[in-house]
Amino acid sequence: MKRVCIARGVLLALIVLALPAYAQDGGDLRTLLKDVELGQSWVYDDVDAAFARAKATGKPVLALFR
Amino acid sequence: MLRVVRMNGLDLSRFQFDYDQTWAVLFLGPDGTVYGRYGTRAGGGEQSTSHLSLAGLKNAMRRALAVHASYPANRDELRGKQPHRLPFRYPEDVPWLARRTRHGDVRQSCVHCHMVAASLIRYRWERGELREQDIFVYPLPENVGMQMDPEDDVRVRSVRPGSPAHKAGIRSGDYLVRIAGQPLVSQADIQWVLHHARDGEELEVELYREGDLVRTHLGHPHGHWRRGNIHWRASTWHLRPGMRVEALAEEQRRRLRIPPGKMALEVRMVLRFDDRARRAGVRRGDVIIRVADRDDLLTEEDFLAYLWLHYGPGQQVPLTVLRGGRQVRAILTMRWHPPD
């Protein structure tokens, strides 16, 4: 049991050390979210810009919250 | 297309949806009018995506475009879809969220959607205004007896016998068009109507059946029809008072001689970072058999709803637990966690 606990502790420490440093330094939010693929059609976190574009094009807004 | 990854600075009088969703869409016109919503979750594991599909999203988008094409002529029927008044307009208006947003680190200062939902619960609870519908939010169509097809959210896949949907004459294969006068884009729109419906209110339903328009009325069961699985909702994790409980299995109930229909909730976990249960003297493995004078709280949902709907901040709740064959008394003090 003690060996298992030590092994788990070592594994956890390795995982923590492997985390990118920028996760700790308040870097830009976009770089923290690896699953974001920013294509030209997406407005990222800017409600005013999204609605400005909608008004200019006459098209509705699809607002994705994730 | 707008991607929102944090709620900081978001006007909640414009953007209202099931804030516990891990993935949610609002369809809006250029003037901010809500056309519809997409995004439904029934639980954890497989149930976290069981009500979602690309085909369902595509169909929802198509219906949203149809609503847009008819706007503003259809403005009146969209009124019910628009956001309702909330106690606060921006997350930063909530003191405990405002403190979070002043943190220097990006991650730490991020306001998540579920934090807004939790704040609504806390705000109302601290004012003695908490209602059942504040805990059991956005009831699934299943709560009124309809299971919808996730490939086309407004198509009825099955109807539970004896349910309100069954009594309304709704059938498998029907395409729901409107409920309470609101055009439906997805299941999330059905949930929006149910979330805001008054108990006992009859809702007008329009549907297509084999090309014919049919009108009927959907009634609600009285009592706790809104209740369902809230384990997955991050906003309700605060409601677990330092412990997780689970209904005891039949075999264990028999062994402890607990009659059917009587409360038997086993404490499966006493949380390390939340000392509410520990301070009450509750231990892992205890079986809660009574809360005050109630011994009919059969599920964790019943237990949590009873605590938060009947006890306010600082009030003490007497618990009776079985431990080692003996009845032991514990006193739980109600407070929000984490404390400010």
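The values are calculated or read from the model by the stated rules, or taken from the named source; none is laboratory data. It should be emphasised that the depicted structure is a prediction, and the values quoted were computed from it without experimental measurement. Ideal geometry is used to build each Cβ from the backbone, glycine not excepted, and the neighbour counts take in all protein chains shown.
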- Task: Please name all residue pairs, on different chains or six or more residues apart, with Cβ atoms under 9 Å, provided the first residue is in the range B:284-309 and is on the phi > 0 side of the Ramachandran plot and the second residue is hydrophobic (A, V, I, L, M, F, W, C) and part of a strand (DSSP E or B).
- Result: B:GLY285/B:VAL267; B:ALA292/B:VAL317; B:ALA292/B:LEU319
- Item | Matching strands (runs of 3 or more DSSP E) fully within the range B:1-87 where at least 1 residues are within 12 Å of chain A (Cβ to nearest Cβ) and among the basic types (Lys, Arg) | B:2-4, B:34-38
- Message: Looking at the range B:128-147, can you tell me whether even one residue there is surrounded by fewer than 21 Cβ atoms within 10 Å (Cβ to Cβ), more than 18 Å from B:ARG226 (Cα to Cα) and modelled with pLDDT of 95 or more?
- Response: yes
- Task: Being in contact with a Pro (Cβ under 9 Å, 6 or more places away or on another chain) and either without any contact (Cβ under 8 Å) to a residue 12 or more places away in the chain or more than 19 Å from B:ALA118 (Cβ to Cβ) (or both) narrows it down to one of B:VAL317, B:VAL267, B:VAL245, B:VAL321, so name that one.
- Result: B:VAL317
- Task: Return the total of residues in the range B:288-339 being outside any loop (DSSP other than H, G, I, E, B) and loosely packed, with under 13 Cβ neighbours inside 10 Å.
- Result: 6
- Any chance B:GLY36 is out of contact with any strand residue (DSSP E or B) (no Cβ under 8 Å at 6 or more places or on another chain), more than 19 Å from A:ALA52 (Cα to Cα), touching a residue at least 40 places away in the same chain (Cβ under 8 Å) and in the same structural domain as B:TRP232 (by TED's automatic domain parsing): no
- Message: Here is a list: B:ALA69, B:ALA60. Which entry is aliphatic (A, V, I, L, M), buried (at least 20 other Cβ atoms within 10 Å of the Cβ) and over 21 Å from the mean Cα position of the chain (by Cα)?
- Response: B:ALA60
- Query: Taking the stated definitions as given, is B:VAL144 over 16 Å from B:ALA42 (Cα atoms), among the β-branched types (Val, Ile, Thr) and within 22 Å of the chain's Cα centre (by Cα)?
  - Reply: no
- Note on the structure: In the range A:55-66, anything surrounded by fewer than 20 Cβ atoms within 10 Å (Cβ to Cβ) and either at the interface with another protein chain (Cβ under 7 Å from one of its Cβ atoms) or farther than 24 Å from B:ALA188 by Cβ (or both) is listed as A:LYS55, A:ALA56, A:THR57, A:GLY58, A:LEU64, A:ARG66
- Any chance you could count how many residues in the range B:216-237 are in contact (Cβ under 8 Å) with a residue 12 or more places away in the chain, surrounded by fewer than 19 Cβ atoms within 10 Å (Cβ to Cβ), over 9 Å from the mean Cα position of the chain (by Cα) and part of a loop (DSSP other than H, G, I, E, B)? 6
